[in-house]
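Okay, so here's the structure we're looking at.
Please treat every number below as a calculation from the coordinates, not as lab data. Keep in mind the model is a prediction, meaning the values are calculated, not measured. Ideal geometry is used to build each Cβ from the backbone, glycine not excepted, and the neighbour counts take in all protein chains shown.
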Amino acid sequence: MIAQLILSALLFGILLYARITYRQAPAVGLLSMLVAFAGLDFVWFPSHATALAALAGIGRGVDLILYIWVTISLIVLLNLHLRLRAQMELITTLARTIAVANALGSRRSPSQ
């Protein structure tokens, strides 16, 4: 019972976050809400997770939840990696542009 209460509190925190995020990124907010509601359903009715796992051909509901968690985590990790890489390329481009602009600017200024 204590674990259910703790997990429910965490999932309600995710719902609050999803509500706040919905204005900035509707897809992320909506997906977060759906996952949080599904999580609350699985926490309070574990038989639903077991039934869904049986439909997917997996033995236990907790295994299904673990497989889904790993998959979502890998997708998020890949997404963060790609965004970080794009930002690093942008920073490199900006640094090169500034370096070239400074080099051209120092050429144009009269020698002292």
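Averaging the sequence gap over all C-alpha pairs within less than 8 Å and six or more residues apart, then dividing by the number of residues, gives the chain a relative contact order of 13 percent. The angle between the Cα long axis of helix 61-108 and the longest principal axis of the Cα atoms of the chain comes to about 10 degrees, rounded to the nearest 10.
When shorter helices are ignored and each DSSP H run of at least 4 residues is given -39500 (n - 2.57), the per-residue value for the chain at 222 nm works out to -31500 deg cm²/dmol. Report the local net charge at residue 30: Lys and Arg +1, Asp and Glu -1, summed over other residues whose C-beta lies under 13 Å from its C-beta. The answer is +2. Put in line by how crowded their Cβ is, counting other Cβ atoms within 10 Å and starting with the fewest, 1, 33, 88 read 1, 88, 33.
Helix 46-56 and the longest principal axis of the C-alpha atoms of the chain enclose an angle of approximately 70°.
Our summary of shape: the Cα atoms of the chain have principal axis extents of 81, 30, 24 Å, ordered from largest down, in whole angstrom.
Note on region 1-44: Cα-only Rg and Dmax are 10.8, 35 Å. In the chain, the longest principal axis of the Cα atoms and the axis of helix 2-22 are about 40 degrees apart. Packing around the peptides 22-30, 92-100, taken as the average count of other Cβ atoms within 10 Å per residue, puts them in this order, highest first: 22-30, 92-100.
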